[in-house]
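Visitor: Please find one structure pasted underneath; my questions will follow.
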Amino acid sequence: MLAKKGVNPPSFRKTGTTIVGLVFQYGVILGADTRATEGPIVCDKNCEKIHYMAPNIYCCGAGTAADTEAVTDMVSSQLQLHRYHTGRESRVVTALTLLKRHLFNYQGYVSAALVLGGVDVTGPHLHTIYPHGSTDTLPFATMGSGSLAAMAVFESKYKEGLTRNEGIKLVTEAICSGIFNDLGSGSNVDVCVITKGGKEYLRNHLQPNPRTYTNSKGYSFPKKTEVLLTKIIPLKEKVEIIEGGDAMEE
Amino acid sequence: MSIFEYNGSALVAMVGKNCFAIASDRRLGVQLQTIATDFQRISKIHDRLFLGLSGLATDAQTLYQRLVFRHKLYQLREERDMKPETFANLVSAILYEKRFGPYFCQPVIAGLGDEDKPFICTMDSIGAKELAKDFVVAGTASESLYGACESMFKQDMEPEDLFETVSQALLSSVDRDCLSGWGGHVYVVTPTEVKERILKGRMD
């Protein structure tokens, strides 16, 4: 209604993204780029898109940044309460069901596209969750604006029973394909390896876009800015410590 | 015109060596007419935590009042001030509550955390936090501010250098934005004092 009167709705911060996951010999490897955009502008050059859900479950998020953060935080808290309640390690399908029920309830208005992966007592699992609440269970998955670029790499090079290093190399290649070919993805590659033994979060595993053009001298401003008024407020210590004070009376 | 461009604003926060600076412009307008040239966008939450709110001024005022209320309750219960990271989470939660009818504001939070480590953060209008280690920007002049800060920022600046850098970045960016300007308001906060300065800028 507001749009008809010429008031355009605000553009929310999106993670126009490349997120991937694959199942390897001993578990699951998740990968993501690190660029967050606000319309055409890059507002965060190094954001975290791989969110913690449980000690053995991690989730990559694409779509509206506030939605992916809020929904993964909420389900992570629900999973912890569930762990306290049952006394058992969380299962990936539990996280999957909690997420899909929430997203379906909001009929796609909570714009979060997720790649959920983890290892539990039943083995390694990898799922994709779409904003309207549908899910897929796959051996390798990609989501986000760079998903086509990453999927091209996966479709040509994926095979079953990859080793840890092969898996990390393939995930990195897929994310790099998204970073270089998709305008909505960029900056660095984050990787998370989850196995039965534990997890390894490789933040900024690869940094293919360093800033090489900074002038080492930097800017110096010899002409001072014109100041109209200066007010200095000293910050006092709040508590005065009295050494060797009198003992309190009973 | 977008609802964010109704009042016009420019906010920037930068990290220095054991200090931070938060700066804003001073114009309050109604679309293209200026109605105030001394509008306060940056408010103090406690001695070591400052909040700047850009965007629609009425939502900024209401949001500020709600946040001060929550912080006062926190102070009564916990008998201490809120850490900047905790405050950022509080602001994010309050903004996301209104996910489908949001406050049209973009907050910039700057504070000194444990061991006097500076903390800055910004969010979009529905609470998606962006924690940066160097600088954060918000407002109608944000695109120019991104460019100015990206080139002028240096790591570990002393308070005086930080003040100069933030002021130059702010003034040069608002000069390229019709909706913000009319001077600048800069707070430089170190563990021992808060220096508040008003800058002279172009009055157009």
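Visitor: Would you check which residues across the range A:15-52 are under 11 Å from the mean Cα position of the chain (by Cα), away from chain B (no Cβ under 12 Å) and part of a strand (DSSP E or B) and list them?
Guide: A:ILE19, A:LEU30, A:GLY31, A:ALA32, A:ILE50, A:HIS51, A:TYR52
Visitor: Also: If you take the residues of the range B:27-42 that are within 14 Å of chain A (Cβ to nearest Cβ) and at pLDDT below 95, which of them is least open to solvent (accessible area, probe 1.4 Å)?
Guide: Taking the candidates together, the pick is B:THR37.
Visitor: Look at B:LEU145 and say whether it is more than 9 Å from every other protein chain (Cβ to nearest Cβ) and outside any loop (DSSP other than H, G, I, E, B).
Guide: In short, yes.
Visitor: Which of the following residues is in contact with a Lys or Arg (Cβ under 7 Å, 6 or more places away or on another chain) and away from chain B (no Cβ under 14 Å): A:SER185, A:SER156?
Guide: A:SER185
Visitor: From (1) assigned to a helix (DSSP H, G or I); (2) surrounded by 16 or more Cβ atoms within 10 Å (Cβ to Cβ), pick out the condition that doesn't hold for B:VAL108.
Guide: (1)
Visitor: Taking the conditions exactly as written (open to solvent by less than 50 Å² (accessible area, probe 1.4 Å) and more than 16 Å from the chain's Cα centre (by Cα)), does B:ASP81 satisfy them or not?
Guide: So B:ASP81 passes the test.
Visitor: Could you say which residue among A:GLU166, A:GLU160, A:GLU155 is surrounded by fewer than 22 Cβ atoms within 10 Å (Cβ to Cβ), assigned to a loop (DSSP other than H, G, I, E, B) and over 20 Å from the mean Cα position of the chain (by Cα)?
Guide: Checking each option against the conditions leaves just A:GLU160.
Visitor: Shifting gears a bit: Regarding the range A:180-198, can at least one residue be identified that is under 16 Å from A:THR17 (Cβ atoms), without any contact (Cβ under 8 Å) to a residue 40 or more places away in the chain and not in a loop (DSSP other than H, G, I, E, B)?
Guide: Yes - at least one qualifying residue is present in the range A:180-198.
Visitor: Mind listing whichever residues of the range A:229-249 are within 14 Å of chain B (Cβ to nearest Cβ) and modelled with pLDDT under 70?
Guide: Passing the criteria: A:GLU237, A:LYS238, A:VAL239.
Visitor: Related question: Filter the range B:156-172 for residues that are touching a strand residue (DSSP E or B) at 6+ places or on another chain (Cβ under 8 Å), farther than 9 Å from A:THR225 by Cβ and open to solvent by 10 Å² or more (accessible area, probe 1.4 Å) and give the result.
Guide: Passing the criteria: only B:PRO159.
Visitor: Show the residue pairs that are 6+ apart or on different chains and have beta-carbon atoms under 6 Å apart, the first residue being within the range A:111-132 and under 12 Å from A:ALA95 (Cα atoms) and without any contact (Cβ under 8 Å) to a residue 40 or more places away in the chain, the second being surrounded by fewer than 23 Cβ atoms within 10 Å (Cβ to Cβ) and polar (S, T, N, Q).
Guide: A:HIS127/A:THR135; A:HIS127/A:THR137; A:ILE129/A:THR135
Visitor: Just to be sure, is A:LEU103 hydrophobic (A, V, I, L, M, F, W, C), buried (at least 24 other Cβ atoms within 10 Å of the Cβ) and within 14 Å of chain B (Cβ to nearest Cβ)?
Guide: yes
Visitor: Something else: If I filter the range A:201-217 down to residues being over 18 Å from A:LYS49 (Cα atoms) and either basic (Lys, Arg) or under 16 Å from the mean Cα position of the chain (by Cα) (or both), which single residue comes out as most open to solvent (accessible area, probe 1.4 Å)?
Guide: Once the filter is applied, the top-ranked residue is A:LYS217.
Visitor: Test B:LEU90 against the stated conditions and say whether it is modelled with pLDDT of 95 or more, more than 11 Å from every other protein chain (Cβ to nearest Cβ) and open to solvent by 50 Å² or more (accessible area, probe 1.4 Å).
Guide: When the stated conditions are applied, B:LEU90 does not pass them.
Visitor: Would you check if there is a residue in the range A:62-80 being in contact (Cβ under 8 Å) with a residue 60 or more places away in the chain, buried (at least 24 other Cβ atoms within 10 Å of the Cβ) and of a type in the set (A, V, I, L, M, F, W, C)?
Guide: yes
Visitor: Check whether at least one residue in the range B:44-51 is closer than 19 Å to B:THR140 by Cβ and crowded, with 16+ Cβ neighbours inside 10 Å, and report yes or no.
Guide: Yes, because at least one residue in the range B:44-51 is closer than 19 Å to B:THR140 by Cβ and crowded, with 16+ Cβ neighbours inside 10 Å.
Visitor: Could you please give the count of residues in the range B:111-133 that are in a loop (DSSP other than H, G, I, E, B) and either more than 12 Å from every other protein chain (Cβ to nearest Cβ) or open to solvent by 50 Å² or more (accessible area, probe 1.4 Å) (or both)?
Guide: Residues that pass the stated criteria total 3.
Visitor: Name the residues in the range B:1-51 that are more than 17 Å from the chain's Cα centre (by Cα) and either in a strand (DSSP E or B) or aromatic (Phe, Trp, Tyr) (or both), would you?
Guide: B:TYR6, B:GLY29, B:VAL30, B:GLN33, B:THR34, B:ILE35, B:ALA36
Visitor: If you check B:ALA93 against the conditions, is it part of a helix (DSSP H, G or I) and in contact with a Phe, Trp or Tyr (Cβ under 9 Å, 6 or more places away or on another chain)?
Guide: no
Visitor: Identify, by number, the condition in (1) over 14 Å from B:VAL12 (Cα atoms); (2) more than 9 Å from chain A (Cβ to nearest Cβ) that B:LYS195 doesn't meet.
Guide: (2)
Visitor: Could you list, in sequence order, the residues of the range A:106-132 that are open to solvent by 50 Å² or more (accessible area, probe 1.4 Å) and either of a type in the set (Ser, Thr, Tyr) or in contact with a helix residue (DSSP H, G or I) (Cβ under 6 Å, 6 or more places away or on another chain) (or both)?
Guide: A:TYR106, A:TYR109, A:THR122, A:TYR130
The values are calculated or read from the model by the stated rules, or taken from the named source; none is laboratory data. These figures come from a predicted structure and were not determined experimentally. Note that each Cβ is placed from the backbone with ideal geometry, even for glycine, and that neighbours are counted across all protein chains shown. Ligands, DNA and RNA are stripped out before the accessible areas are found, and what is left, the full protein with its side chains, is counted by its heavy atoms. Shrake-Rupley method; radii C 1.70, N 1.55, O 1.52, S 1.80 Å.
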